[in-house]
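The values are calculated or read from the model by the stated rules, or taken from the named source; none is laboratory data. From a predicted model like this one, the values you see are computed outputs, not experimental measurements. Note: ideal-geometry Cβ built from the backbone for every residue, glycine included; neighbour counts use all protein chains shown. Calculation scope for accessible area: heavy atoms of the full protein, side chains included, ligands and nucleic acids excluded. Shrake-Rupley method; radii C 1.70, N 1.55, O 1.52, S 1.80 Å.
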Amino acid sequence: MTTLLTAAAKIQIDTKPYLCIENLSKTYSTPKGDYPVLRDINLNIQEGEFVCLIGHSGCGKTTLLNMVSGFAQPTSGSVQLKGKPITAPGPDRMVVFQGYALLPWLTVFENVYLAVQSVFPQKSQSEKYQIVEEHLQLVGLGEAAQKYPPQISGGMKQRVAIARALAIRPEVLILDEPFGALDAITKEELQEELLRIWDEHRCTVLMITHDIDEALFLADRLVLMTNGPAATIGQVVTIPFARPRDRERILEDPQYYRLRNSILSYLYGHEANPEAAH
Ligand SMILES: Nc1ncnc2c1ncn2[C@@H]1O[C@H](COP(=O)(O)OP(=O)(O)OP(=O)(O)O)[C@@H](O)[C@H]1O
């Protein structure tokens, strides 16, 4: 009996979701009164899963990601990583923003080194140098290590930001519209690079995007948000395309257009809510 119970308990533990957002609501206090941004968000993400979040501007996507990264706290409900509530930022969750957030007075190498040094201070200098070099190579920036951020393009800056995030081996990579400011070709190149790196160094990814094609190319699941105020999850779409993904093959797949149209009509059916502009 004991053995049976232990086995049942183990199955329960093993199947517990990795990243678990439970009954989460968030209300901001503003000079005009309380503003409920999110309500009743429930989402379970498995280890190694790639999840994209889409919704109209202002519905609360960044607010949600801020609670996964630990920069903000839910008003009620919780976010848990491996069963532990997230209460503060930590090196197990790294964020990459649209605006790169690099220090302009440090070289590309030093920008990545700073993160490595702050998370692995106990490692020897040669080990830390090796980690930085390895990750700059990973994003194809070995040659640009001694350049300063103002001397490199937007695509290269975003590669540095990705290298910096991955260099500290986060369990969860949080991407807030990372390719939103890039031209179409650079954006596609970086999407492919991100998938290649994610295949090699699998971590769990939670990414905001406004680009349906990007989400269909990258994600395992796509979370569609309703409009704010008090936005919640409207639909979760499982993306059926086999991995490794090939853009041309996906574009030839009739399922691609069916999915794209149904996501588009969902978004058109949920026009941006004027009340959100408070
Ligand atoms: N600290 C805050 N205090 C009060 N209101 C806030 C605060 N941060 C965000 N908001 C409001 O909450 C709502 C959601 O903002 P958030 O940035 O999370 O949306 P979003 O979906 O990420 O938007 P976008 O797609 O435009 O980046 C917006 O109306 C915003 O003005």
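Once neighbouring chains are kept in place and the probe is 1.4 Å, which whole percent of the accessible area of the stretch 99-169 is contributed by carbon and sulfur? Write out the running numbers ahead of the final one.
Details: 1850 of 3470 Å².
Summing carbon and sulfur atoms, their accessible area is 53 percent of the total for the stretch 99-169.
Cα gyration tensor of the stretch 73-232, axes a ≥ b ≥ c as square roots of the eigenvalues: rounded (a/c below 1.5), prolate (a/b > b/c) or oblate?
Numbers: a/c = 1.89, a/b = 1.29, b/c = 1.46.
Taking the square roots of the gyration eigenvalues as a ≥ b ≥ c, the stretch 73-232 is oblate.
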Exercise for review: Rounded, prolate or oblate: pick one for the stretch 32-107, where a ≥ b ≥ c are the square roots of the eigenvalues of its C-alpha gyration tensor, a/c under 1.5 means rounded, and failing that, prolate if a/b is larger than b/c, else oblate.
Suggested key: oblate
Review point. For the residue pair Leu251 and Ala181, what label-to-label distance in nm results when each label sits 7 Å from Cα along the Cα-to-beta-carbon direction?
Key: 2.8
Study note, to complete from the structure: Cα pairs beyond 35 Å in the chain, in percent, come to 22
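Which of the GluC sites (Glu not before Pro) found in the stretch 178-278 are in a DSSP loop and have at most 14 neighbouring Cβ atoms, other than their own, within 10 Å?
Details: sites: Glu188, Glu189, Glu192, Glu193, Glu200, Glu214, Glu248, Glu252, Glu271, Glu275; in loops: Glu271.
In loop regions of the stretch 178-278 (DSSP not H, G, I, E or B), the sparsely surrounded GluC sites (Glu not before Pro) are Glu271.
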Check your understanding: Shape of the stretch 99-169 from its Cα gyration tensor (a ≥ b ≥ c, root eigenvalues): rounded if a/c is under 1.5, otherwise prolate when a/b > b/c, or oblate?
Key -> prolate
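Where the only charges are on Cβ atoms (+1 Lys, Arg; -1 Asp, Glu), what is the dipole of the stretch 179-255 about its Cα centre, to the nearest 20 debye?
Numbers: 8 positive and 15 negative charges, 81 e Å.
Around 380 debye, computed over the stretch 179-255.
Roughly how many Å² is the accessible area per residue of the chain, as a whole number, for a 1.4 Å probe? Show your work: numbers first, answer last.
Details: 13790 Å² over 278 residues.
Per-residue value: 50 Å².
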Check your understanding: Size of the dipole of the chain about the Cα centre, Lys and Arg at +1 and Asp and Glu at -1 on the beta carbon, nothing else charged, in debye to 20?
Key -> 700
